[in-house]
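Visitor: Just passing along the structure, written as structure tokens.
Just so you know, all these numbers are worked out from the coordinates, no wet-lab data involved. All values reported here derive from a predicted model rather than from experimental measurement. With ideal geometry, Cβ positions are generated from the backbone for all residues, glycine too; neighbour counts draw on all protein chains shown.
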Amino acid sequence: MNNVNLIGRTTKDAELRFTPNGKAVATVTIAVNRNYVAEGQEREADFIQVVIWGKRAEAFANYVRKGHQVGVTGELRTRNYENESKQKVYVTEVLVSEFTFLEKKPVQAWKGKEETKEKPFGNDPFSNIGKPLDISDDDLPF
């Protein structure tokens, strides 16, 4: 079984490229905090290279920016190649099958530099926390 689940923050914007056949591929590094902190030291992180293919790659590159928190699921892959100096280079990376945005994108990022209170996807039904929701029995799925 080869299954990897990571939650971390992107260290830069994803690099989106296209193969000669037009298939999209995005690469980015995710900083994943370690679960423990040694006494008297700061929390350490592992920097893990991830690769995303196809439409997912395009979506990731279009909506995720440096510092955004994401969750990824995929497979651990290893490969090697010979560089220009004829040295063998070994690479370990996560081939992403699914990803999740774990933070809301700021509203101003959706609207450019113009500040607005309008939500990018319409009205949020949970924005009035503490007030009753107007839901009829016909709206419930059960």
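Visitor: Which order results if 97, 85 are arranged by neighbouring Cβ count within 10 Å, fewest first?
Guide: Going from sparsest to densest Cβ surroundings: 85, 97.
Visitor: Rounded to the nearest 5, what % of the DSSP beta bridges within region 4-105 are antiparallel ones?
Guide: Antiparallel bridges: around 95 percent, rounded to the nearest 5.
Visitor: If amide hydrogens are placed 1.01 Å from N in the peptide plane, which non-local residues have theirs closer than 5 Å to the one on residue 45?
Guide: Answer set, sorted by chain and number: 34.
Visitor: Classify region 1-82: rounded, prolate or oblate, from the alpha-carbon gyration tensor (a ≥ b ≥ c, eigenvalue square roots; a/c under 1.5 rounded; otherwise prolate if a/b is larger than b/c)?
Guide: Prolate shape, in that a/c is at least 1.5 and a/b is the bigger ratio.
Visitor: Further, regarding this structure: Figure the gain on full extension for residue 27 and residue 56 (residue separation times 0.36 nm, minus the Cα-Cα span) and round it to one decimal in nm.
Guide: This chain segment gains 9.3 nm when fully extended.
Visitor: Modelling each spin label as a point 7 Å along the Cα-to-Cβ direction, I'd like the residue 44/residue 18 distance in nm, to one decimal.
Guide: Placing both labels 7 Å along Cα→Cβ, they lie 4.2 nm apart.
Visitor: Lysine pairs in region 4-105 with alpha-carbon atoms under 26 Å apart, 8 or more places apart or on different chains: how many are there?
Guide: Going through region 4-105 pair by pair, I get 12.
Visitor: Extending each Cα 7 Å along its Cβ direction at residue 95 and residue 5, get the distance between those two points in nm, one decimal.
Guide: Going by the 7 Å Cα→Cβ label model, 2.1 nm.
Visitor: Please list, in order, the residues from region 62-81 whose amide nitrogen is less than 20 Å from a point placed 7 Å along the Cα→Cβ vector of residue 102.
Guide: 62-77
Visitor: Using per-residue counts of other Cβ atoms within 10 Å, averaged over each peptide, order 17-27, 68-78 from highest down.
Guide: Result, highest mean first: 68-78, 17-27.
Visitor: Let me ask you something else. Just want the answer: with Cβ charges of +1 for Lys and Arg and -1 for Asp and Glu, which residue in 37, 61, 50 is farthest toward the dipole's positive end in region 1-67?
Guide: 61
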